[in-house]
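A.B. asks: Starting off with a structure, shown below.
The values are calculated or read from the model by the stated rules, or taken from the named source; none is laboratory data. Just so you know, these numbers come straight off a predicted model, no measurement behind them. Because the Cβ atoms are built from the backbone with ideal geometry, glycine has one as well, and the counts that use them run over all protein chains shown.
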Amino acid sequence: MRPFFIAKFAKPFFAVMILLMITIFVAGRKTLRENFHWYLFLLPSLCIMAVFLAYPIAESFRLSLFKSNGFTEAFIGVANYRTIIADPNFLNSLYNTGYIALLNLTLGIPIGFILASMINSQRKVQALFKILYFMPMVTSVIASAVLFKYMFSPDMGLVNFLLQKIGVETANLMWLSSPETSKFVVIFFALWHGTGYTVLICLSGLQSVPDQLYEAASIDGCGKIQQWWHVTLPNMRPTFIFLIMTGCIGALKRFEDVFTFGGMLGAPARSMQTVVAYIFEQAFGAFNFGAASAAAYILFAIILLVTIINYRFTMGKDK
Amino acid sequence: MEGFHSKVERIILPKINTIVLIIGAISFCLPFWWLLVNSFDEMANLGLKLPPVLWFREGSTGFANFINAFDAIPIVRYYLNTVLITVTVIVLQVFNCCFAGYAFAKGVFPGKRIFFILFLATMMIPFQLYMIPLYLVMNETGLVNTLFAIILPGIHSAFGVFLATQYIKGLPDSIFEAARIEGCSEARIFFTIVLPLSKPVIATLSVLTALACWNDFLWPYLVLLKESNFTITVGVSMFQQQNGGYMGNTLAVALLAIAPVVILYFFLQKFIIKGITTGATKH
């Protein structure tokens, strides 16, 4: 460890202390003396947050206004943001992220919901199906992406082998080696890895639909499928909104699987490079910390926007 | 006197239902099976264009891939590092989250609401936003390449604080009042009343943290540069980048990363599934 080890942490630490003192000052001294011990309970969290969260976030914003490679720095204002927005590679990475997210969500949520409905109507082996469908989710993205990389290998892989068995012409299906098909491998992987989660959340949503509604529907002469359509679906709205929201945010942060499939450049031909991979490339490939921070802030803005839109949706329904 | 429609729904539908579910389950588990078969297949390394196998190939099934992998990289070391990080983070995070959760749930102090909103707001911030300065901080303090670089930021979890707060809020106030009247200090209340009563939420939190720690990649990949410090996911990724041509060996390493989690999952599945569901629905 280098000297001044503690000194580096001092800046953010004092920032927290000042924040605490301002709160205390505003709140008045008398109430403080009686309630001081509660701050001690928060102190560890606040210290960690200050050093490893608040300070880096602020520093990231500062960096985004500088041209920096970690050694030399020069203030250039919003030029980083301008460069990033005009960079075709960044736009391409946004497109890729959106493309993968859209297909993944529009396929994943219906599939997960239908599977969950089917599992819910099973009597005996409900738990077993739940366990099996959820299994991919507990494995590490990296290790299972390695597995998928070989499964989709054009001539040794399992997928083309099985496709040949059922009579599909696979000579042109290069999967990860071709920019046209590489995104679909990511989508297949995301579906395999994430559908168990969707199933689980849908199941807990399904089980919270009140039984009386079904009873009422069946008295009115609704069949099972009609009940599913008229009673279950409308009542699942909050669950779907939650799944779309977490799905969007998760998809915007997609990195580990595309990194395993195609490195930080999203090879071939940047066809898989996501926004986070782009940030990674700018930061640790080109050592362009300023541009990377600017891209990270743009990503954050998008995530914030998605969250607010989703939040509005839920709030609008509650009123 | 039932119509054709209801007959279909009563008799045929459940069967179709079960068949579809079984086909689905098979396709979800097929990759795992293929991984198992191929990591034990000694011919998988040769790069021959053999048709893929779905059953253990006769004559070439053995542990050679695993022996190669153990010779090439210090996998045991990776396991130790990962376990060390996971256990430390779980213990520290559980204590820390319960500390803050207790203050938010039962404490009365100025600025409580503001602090709580501040904590919740940090849940929305993506790690990628601050990973570069965080790396620079670690670099300047000399923590790069040590396990502390992963453990220290892992101690605080806004989501964990939120879970703990929600749970501790549900504990009856009368216990705490009684303890206070008896002259019990807040610290003692925390250790003798709050912690033992919070076992369910501690379990949930531990499960979620353990999975997240074991499978975490981006941050460990950035800060751990020496091979002897790698976690298992970093190890898999590096091995794949360097020896990706040897399919058998690489799959063996991937299996070694996946197997402990899957085995644990089968033992603790009720726990894990419950933890993930409560974690998600408490939002």
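A.B. asks: Being assigned to a helix (DSSP H, G or I), hydrophobic (A, V, I, L, M, F, W, C) and over 24 Å from residue B:130 (Cα atoms) is the filter here, so list the residues in segment A:264-319 that pass it.
C.D. replies: A:313, A:315
A.B. asks: Tell me, please, whether a residue that is among the small types (Gly, Ala, Ser) and within 11 Å of chain B (Cβ to nearest Cβ) can be found in segment A:161-173.
C.D. replies: The answer is no, given that none of the residues of segment A:161-173 is among the small types (Gly, Ala, Ser) and within 11 Å of chain B (Cβ to nearest Cβ).
A.B. asks: Something else now. I'd like the full set of residues that are more than 24 Å from residue B:78 (Cα to Cα) and within 22 Å of the chain's Cα centre (by Cα), limited to segment B:128-146.
C.D. replies: B:128, B:129, B:130
A.B. asks: If a residue has to be part of a helix (DSSP H, G or I) and acidic (Asp, Glu) to count, how many in segment B:9-68 make the cut?
C.D. replies: 2
A.B. asks: Can I ask one more? For segment B:56-114, give me the residue count where each residue is free of Cβ contacts under 8 Å to residues at least 40 places away in the same chain and β-branched (Val, Ile, Thr).
C.D. replies: Looking only at that region, the number is 8.
A.B. asks: So the check is Cβ under 7 Å with 6+ separation or different chains; which pairs have a first residue in segment B:117-130 that's at the interface with chain A (Cβ under 10 Å from one of its Cβ atoms) and in a loop (DSSP other than H, G, I, E, B) and a second one that's surrounded by fewer than 22 Cβ atoms within 10 Å (Cβ to Cβ) and polar (S, T, N, Q)?
C.D. replies: The qualifying pairs are B:124/A:307.
A.B. asks: While we're here: Exactly one condition in (1) part of a helix (DSSP H, G or I); (2) modelled with pLDDT of 90 or more is false for residue B:171; which is it?
C.D. replies: (1)
A.B. asks: What's the total number of residues in segment B:154-194 that are farther than 28 Å from residue B:280 by Cβ and among the hydrophobic types (A, V, I, L, M, F, W, C)?
C.D. replies: Residues that pass the stated criteria total 10.
A.B. asks: Does residue A:194 meet the test of being in contact (Cβ under 8 Å) with a residue 60 or more places away in the chain, within 14 Å of another protein chain (Cβ to nearest Cβ) and of a type outside the set (Lys, Arg)?
C.D. replies: Judged against the criteria, residue A:194 is a match.
A.B. asks: May I pose another question? I'd like the full set of residues that are in a helix (DSSP H, G or I) and away from chain B (no Cβ under 12 Å), limited to segment A:217-246.
C.D. replies: A:217, A:219, A:229, A:230, A:231, A:232, A:233, A:234, A:235, A:237, A:240, A:244
A.B. asks: Another question about this same structure. Is it the case that segment A:238-261 has a residue that's without any contact (Cβ under 8 Å) to a residue 40 or more places away in the chain and over 19 Å from residue A:186 (Cα atoms)?
C.D. replies: yes
A.B. asks: Can you tell me how many residues within segment A:263-283 are at positive phi and either in contact (Cβ under 8 Å) with a residue 60 or more places away in the chain or touching a Ser or Thr at 6+ places or on another chain (Cβ under 6 Å) (or both)?
C.D. replies: 3
A.B. asks: Testing residue A:93 on (1) surrounded by fewer than 17 Cβ atoms within 10 Å (Cβ to Cβ); (2) farther than 30 Å from residue B:26 by Cβ; (3) of a type outside the set (Phe, Trp, Tyr), one condition comes back false. Which one is that?
C.D. replies: Condition (1) is where residue A:93 drops out.
A.B. asks: Exactly one condition in (1) within 14 Å of chain B (Cβ to nearest Cβ); (2) in contact with a Gly (Cβ under 8 Å, 6 or more places away or on another chain) is false for residue A:96; which is it?
C.D. replies: Of the numbered conditions (1) within 14 Å of chain B (Cβ to nearest Cβ); (2) in contact with a Gly (Cβ under 8 Å, 6 or more places away or on another chain), the odd one out for residue A:96 is (1).
A.B. asks: Residues of segment B:131-151 being of a type in the set (A, V, I, L, M) and either under 17 Å from residue A:57 (Cα atoms) or assigned to a helix (DSSP H, G or I) (or both), which ones?
C.D. replies: Those that are of a type in the set (A, V, I, L, M) and either under 17 Å from residue A:57 (Cα atoms) or assigned to a helix (DSSP H, G or I) (or both): B:131, B:132, B:134, B:136, B:137, B:138, B:149, B:150, B:151.
Matching residues to (1) of a type in the set (Asp, Glu); (2) buried (at least 19 other Cβ atoms within 10 Å of the Cβ); (3) modelled with pLDDT of 85 or more:
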site	(1), (2), (3)
A:209	no, no, yes
A:212	no, no, yes
A:218	no, no, no
A:239	no, yes, yes
A:245	no, no, yes
A:249	no, no, yes
A:254	no, yes, yes
A:257	yes, yes, yes
A:261	no, yes, yes
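A.B. asks: What number goes with the only condition from (1) under 30 Å from residue A:145 (Cβ atoms); (2) within 12 Å of chain A (Cβ to nearest Cβ) that residue B:188 does not pass?
C.D. replies: Only one criterion in (1) under 30 Å from residue A:145 (Cβ atoms); (2) within 12 Å of chain A (Cβ to nearest Cβ) is unmet by residue B:188, namely (1).
A.B. asks: Exactly one condition in (1) within 14 Å of chain B (Cβ to nearest Cβ); (2) more than 30 Å from residue B:36 (Cα to Cα) is false for residue A:130; which is it?
C.D. replies: The one condition residue A:130 does not meet is (2).
A.B. asks: Also, I was wondering about something else. Only residues that are of a type in the set (A, V, I, L, M), within 30 Å of residue A:277 (Cα to Cα) and surrounded by fewer than 18 Cβ atoms within 10 Å (Cβ to Cβ): list them for segment A:104-135, please.
C.D. replies: A:107, A:111
A.B. asks: Answer yes or no: is there a residue in segment B:87-102 that is within 11 Å of chain A (Cβ to nearest Cβ), of a type outside the set (Lys, Arg) and closer than 17 Å to residue A:54 by Cα.
C.D. replies: Among the residues of segment B:87-102, not one is within 11 Å of chain A (Cβ to nearest Cβ), of a type outside the set (Lys, Arg) and closer than 17 Å to residue A:54 by Cα, which makes the answer no.
A.B. asks: Output the number of residues of segment B:220-249 satisfying the condition of being touching a residue at least 24 places away in the same chain (Cβ under 8 Å) and at the interface with chain A (Cβ under 9 Å from one of its Cβ atoms).
C.D. replies: Number satisfying all stated conditions: 6.
A.B. asks: Could you tell me whether any residue of segment B:182-200 is free of Cβ contacts under 8 Å to residues at least 60 places away in the same chain, outside any loop (DSSP other than H, G, I, E, B) and of a type in the set (Phe, Trp, Tyr)?
C.D. replies: Yes: segment B:182-200 contains one or more residues that are free of Cβ contacts under 8 Å to residues at least 60 places away in the same chain, outside any loop (DSSP other than H, G, I, E, B) and of a type in the set (Phe, Trp, Tyr).
A.B. asks: Name the residue, out of A:295, A:286, A:301, that is on the phi < 0 side of the Ramachandran plot and touching a Phe, Trp or Tyr at 6+ places or on another chain (Cβ under 7 Å).
C.D. replies: So the residue among A:295, A:286, A:301 that is on the phi < 0 side of the Ramachandran plot and touching a Phe, Trp or Tyr at 6+ places or on another chain (Cβ under 7 Å) is A:295.
A.B. asks: Shifting gears a bit: Out of A:171, A:145, which single residue is out of contact with any Ser or Thr (no Cβ under 8 Å at 6 or more places or on another chain) and not β-branched (Val, Ile, Thr)?
C.D. replies: Criteria check complete, one pass: A:171.
A.B. asks: Further, regarding this structure: All but one of (1) within 13 Å of another protein chain (Cβ to nearest Cβ); (2) buried (at least 16 other Cβ atoms within 10 Å of the Cβ) hold for residue A:187; state the number of the condition that does not hold.
C.D. replies: Exception for residue A:187: condition (1).
A.B. asks: Can I ask one more? Could you tell me how many of the residues in segment B:131-157 are under 24 Å from residue B:100 (Cα atoms) and at the interface with chain A (Cβ under 8 Å from one of its Cβ atoms)?
C.D. replies: Qualifying residue count for the region: 5.
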